[in-house]
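To start, the structure under review is shown below, and the notes come after it.
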């Protein structure tokens, strides 16, 4: 009885999955790529922010802040893409 229930559930789940359209829209893929890129940039910005607090050299801070500024530019460019 448990085996037959399992078999019937398996068949039912397969039927449901067969009815669902799993075709992925290109817009969804682009949205996901864009979101992942933004998250990656945010992570790098956070890393730079923590490094800026640790370094004592003005030259190192300047270099880090320049890199941070470039990442923010990239982030804004990605956000403004259609």
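Observations on the model:
- Entry note, the chain: the mean residue ellipticity at 222 nm calculated from DSSP H runs of n ≥ 4, each adding -39500 (n - 2.57), is -30000 deg cm²/dmol after division by the residues and rounding to the nearest 500.
- For the chain, the longest principal axis of the alpha carbon atoms and the long axis of helix 26-54 meet at an angle near 40°.
- Just so you know, the averaged projected area of the alpha carbon convex hull for segment 23-80 sits at 4.0 nm².
- Against the chain, whose longest principal axis is taken from its Cα atoms, helix 2-19 shows a tilt of about 60°.
Any read-out appearing in this document is the output of simple, stated calculations on the displayed coordinates, not a laboratory observation. Predicted, not measured: the structure shown is a model, and the values here were computed from it.
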